[in-house]
Amino acid sequence: MWQRIKYPAQKISHQLLYYFNWLLKFLVVFVVSDCTVIGRENMPRQKTGVLVTINHMSMWDLPFAQNIMPRPYFTMTKIEFLNLPFIGGLVRLMGAYPVRRGKPDRQALQFSTELLKKGELVLLYPEGHRSDDYQLIEGHSGAALIAISSEALVVPVAVTGTEFIVRKRRGIFSRPKVVVRIGKPYHLSRITPDGRKASLEELTDQMMSKIAELMPPEYQGYYTPAKVVERQAQYQREALEERARRANSRNIKSPVEKYEG
């Protein structure tokens, strides 16, 4: 009996908590900041699998992310947090699911992919943890793998200014300027412009560059255009070297092949 009502009850709770949480986060965002959202029309409203990728600068990023979500969503959360009494169970009902950090978590990756294939909205922080200097750090390849496996729409989001909420330079009652920029949705392509199959590192660069494009230069960090172009050239050189090695290995005959020939 419990199994028959468990999942419908969880789904209803997820939806109700989304609306309650949205209102709560809206009030929090209003109180702690002067927030501007740019590109809200880029967030898909239709019931389809959508992967939202966002940078991670501070603990204040989540309220601003919640504020732009058009419907109930799911997000990865470190398993240690979900194991906390009461709080862990509550955030699970809000749509959080566990990920083990520090190593590839196949179960979390597979669950994310299944959610997107079912038409759900999923929020991910490709960097994996907060940036200490408030600039973009190297992203993990898991988000790109999920995007490719699910063939979901990807929506890049950049949040800037939340670091000033923590620092409060202008006094405890100040409302720092926070800007949330939502980029145009896209599909991550496994084929590069020169016709070869991109590596996960290249796909991660593509995904993170979409976020960097929405940010002022001082926030772009590891994904400044010059650094990305330099890595792209390196990827192309490595691909050419690999092709040359394979061609040579096919052309070199073993001693037995030479004798038989």
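The values are calculated or read from the model by the stated rules, or taken from the named source; none is laboratory data. None of these values were measured; they are calculated from a predicted model. Positions of Cβ are backbone-derived with ideal geometry, glycine not excepted, and every protein chain shown enters the neighbour counts.
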inquiry  = Just to be sure before I move on: is residue 209 in a loop (DSSP other than H, G, I, E, B) and either among the small types (Gly, Ala, Ser) or at positive phi (or both) in the structure I sent?
reply    = no
task = Considering only residues that are surrounded by fewer than 19 Cβ atoms within 10 Å (Cβ to Cβ) and basic (Lys, Arg), look in the range 182-239 and name the one that is nearest to residue 39 (Cα to Cα).
result = 184
request  = Residues that are out of contact with any helix residue (DSSP H, G or I) (no Cβ under 9 Å at 6 or more places or on another chain): find the strands (runs of 3 or more DSSP E) completely inside the range 1-118 holding 3 or more of those.
outcome  = 34-38
note = Expected single match for surrounded by fewer than 18 Cβ atoms within 10 Å (Cβ to Cβ) and closer than 20 Å to residue 159 by Cβ among 105, 34, 61 is 34
task = Select from the range 66-89 the residues that are free of Cβ contacts under 8 Å to residues at least 40 places away in the same chain and among the aliphatic types (A, V, I, L, M) and write down the one among them that is farthest from residue 45 (Cα to Cα).
result = 84
query = List, please: which pairs have Cβ atoms under 9 Å, are six or more places apart or on different chains, and start with a residue in the range 128-141 that is within 10 Å of residue 58 (Cα to Cα) and at pLDDT below 90 and end with one that is charged (D, E, K, R) and assigned to a loop (DSSP other than H, G, I, E, B)?
reply = 129/101
query = Which of the residues that make up the range 40-58 are farther than 12 Å from residue 159 by Cα and at pLDDT 90 or above?
reply = 40, 41, 42, 43, 44, 48, 49, 50, 51, 52
ask   = Of everything in the range 154-202 that's outside any strand (DSSP E or B) and touching a Lys or Arg at 6+ places or on another chain (Cβ under 7 Å), which residue is modelled with the highest pLDDT?
value = 183
query = Is it the case that some residue within the range 142-152 is surrounded by fewer than 19 Cβ atoms within 10 Å (Cβ to Cβ), part of a helix (DSSP H, G or I) and of a type in the set (D, E, K, R)?
reply = no
message = Condition first: touching a strand residue (DSSP E or B) at 6+ places or on another chain (Cβ under 6 Å) and at pLDDT 75 or above. Can you find one or more residues in the range 5-27 that meet it?
response = no
inquiry  = Could you check the range 29-65 and list, in sequence order, the residues that are touching a residue at least 40 places away in the same chain (Cβ under 8 Å) and of a type in the set (Lys, Arg)?
reply    = 40, 47
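With the condition kept exactly as written, say whether any residue in the range 221-240 is part of a loop (DSSP other than H, G, I, E, B), modelled with pLDDT of 90 or more, of a type outside the set (Lys, Arg) and within 20 Å of residue 52 (Cβ to Cβ).
Checking the range 221-240: not a single residue is part of a loop (DSSP other than H, G, I, E, B), modelled with pLDDT of 90 or more, of a type outside the set (Lys, Arg) and within 20 Å of residue 52 (Cβ to Cβ).
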query = So which pairs qualify, if the first residue must be in the range 90-102 and among the small types (Gly, Ala, Ser), the second must be outside any loop (DSSP other than H, G, I, E, B) and at pLDDT 80 or above, the Cβ gap must be under 7 Å, and the two must be at least 6 apart or on different chains?
reply = 95/74; 95/75; 96/75; 96/77; 96/82
query = When both residues are 6+ apart or on different chains and their Cβ atoms are under 8 Å apart, which pairs have a first residue that lies in the range 106-122 and is within 14 Å of residue 14 (Cβ to Cβ), and a second that is among the β-branched types (Val, Ile, Thr) and part of a helix (DSSP H, G or I)?
reply = 122/146
